[in-house]
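A quick write-up on the structure given underneath.
The values are calculated or read from the model by the stated rules, or taken from the named source; none is laboratory data. Predicted, not measured: the structure shown is a model, and the values here were computed from it. A quick note on method: Cβ atoms are made from the backbone with ideal geometry, for glycine too, and the neighbour counts reach across all protein chains shown.
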Amino acid sequence: MVKEEIGGGAAADAIRPPWLHLLSAFLAMEPSDSLISISRDCGGGAITESVQNFIWDQCISRADGKGSAPYIRSFLKKVILEIESAGAVVADELYEQFAFNMTSLKGDDLAKGDSRIIRKISFLYPYDHVEAQVCQSPRKLIVPLQCSLNMLEGDTGCSIWPSSLFLSEFILSCPELFSMKSCFELGSGVGLVGICLANVKPSKVILTDGDLSTLANLKVNLELNHMSTRFGSSQGILEDPYKVKCLHLPWESALESDLRDLMPDIVLGADVIYDPECIPHLVRVISTLLTTKKSTPLHRGGFKVPNGISGDTLLKNSNASSSDIVNRRYEEFLLASTTQPVAYIASVVRNIDTFNYFLKVAQEANLRVVDITQNVKMLDFLPYMLSYQRSSVRLLGIYHSFH
Ligand SMILES: C[S@@+](CC[C@H](N)C(=O)[O-])C[C@H]1O[C@@H](n2cnc3c(N)ncnc32)[C@H](O)[C@@H]1O
């Protein structure tokens, strides 16, 4: 039986990889081809009877997500074809569910109805990482998110973009960087980064977006994740006991005086560098947030600034190879992060001209932009998410140069 094969118990907590990956991929509504591939791994190369039972018991019969019926129908169709083409027997439950979905769901349901779905993103803590922690970390963090099937809805803010998966993994890999820090996100979209931030004990989280329908969807997601919030405008956020705040913040109209009042320790952004028209406004906002110098040093656990290093000694180091230069720039960024606010911006470079334009405008605003992708500690929290290409994302560390 499946229950024995998946590790001594049917309880969801006892499920181990690759079965856990199959369940997580299903909950995240990964493409059917990915589910089929993981299903084959579970069955040692074939979608065996045990795998079919698991798909039924743990995935399909428990599905409660909004808008999941068309997704399940499409997955069932592919999995049945796959099993049949291998000459194996398809479990009755899978046939019956497919027949039920076919008759109850009309082809044009999606076009007429709500295009919103609930995807549940499971961050699976790597085992050695959990064991290394003295305190009991949860083995997984599951984040349900209302998203749109239309990638352009809410000015693109109602879909999950790869950079937010990357930034979320970075936050969970290095929680000490964000603990007790006031964090401020630009272009928060569905809120994944903010929800991960709220799990690493920041002193405050402010999530912002310029699109009102995206903000409304973000509020739904905070509620889905049991987070209280309060909305404000850039003209004034009410001080309240809630840690997570949402703010309508179009970069074009954000006032410098309002931004200066926010004084975050850390600014974050995922997939916000893509529209050349917005870039000067985005850079102005980042620059204003990063020039608010604090009088006391920011002590950032986890950042090890090499002993005796100062900005000057780093800059004077000559005859450096390109990897030396990368490391030196990273060390300069680390050094800056101990005394002033810094930004972490994750980005997929889809158009090199747009990216270079961002770098140019940032340089003109006295911002130092450092590609720290290779330098930071990143754990793989999403091993089941075959559609996510971590290597396509760059992580930029940004700070203001006061020299
Ligand atoms: C590609 S989405 C990324 C969303 C989310 N960070 C993620 O990675 O999943 C870009 C986000 O930036 C927001 N945005 C775009 N232009 C903006 C502007 N001019 N002012 C404020 N927000 C803006 C959009 O509303 C959207 O939520």
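Can you give me the number of residues within the stretch 364-403 that are among the acidic types (D, E) and either part of a strand (DSSP E or B) or under 28 Å from I142 (Cβ atoms) (or both)?
Qualifying residue count, the stretch 364-403: 2.
How many of the residues making up the stretch 150-175 are of a type in the set (S, T, N, Q) and more than 9 Å from the ligand (Cβ to nearest atom)? Break it down stepwise before answering.
The first filter runs over the stretch 150-175 and keeps only residues of a type in the set (S, T, N, Q), leaving 150, 156, 159, 163-164, 168, 173.
Now drop any that are not more than 9 Å from the ligand (Cβ to nearest atom), which leaves 150, 168, 173.
Of the residues in that region, 3 qualify.
Which of the residues that make up the stretch 191-213 are crowded, with 24+ Cβ neighbours inside 10 Å and closer than 17 Å to P144 by Cβ?
Answer for the stretch 191-213, where residues must be crowded, with 24+ Cβ neighbours inside 10 Å and closer than 17 Å to P144 by Cβ: G191, L192, V193, G194, I195, C196, L197, L207.
Scan the stretch 181-204 for residues that are near the ligand (Cβ under 7 Å from one of its atoms) and either free of Cβ contacts under 8 Å to residues at least 12 places away in the same chain or among the aliphatic types (A, V, I, L, M) (or both) and jot them down.
L186, V190, L192, V193
In the stretch 363-384, which residues are more than 14 Å from F170 (Cα to Cα) and of a type in the set (F, W, Y)?
Y384
Here is a check on your reading of the model: is F178 at pLDDT 95 or above and within 16 Å of the ligand (Cβ to nearest atom)? Full working, then the answer.
Values: at pLDDT 95 or above: yes; within 16 Å of the ligand (Cβ to nearest atom): no.
It is false that F178 is at pLDDT 95 or above and within 16 Å of the ligand (Cβ to nearest atom).
Determine if the stretch 182-190 includes at least one residue that is crowded, with 23+ Cβ neighbours inside 10 Å and over 14 Å from the mean Cα position of the chain (by Cα).
The answer is yes, given that some residue of the stretch 182-190 is crowded, with 23+ Cβ neighbours inside 10 Å and over 14 Å from the mean Cα position of the chain (by Cα).
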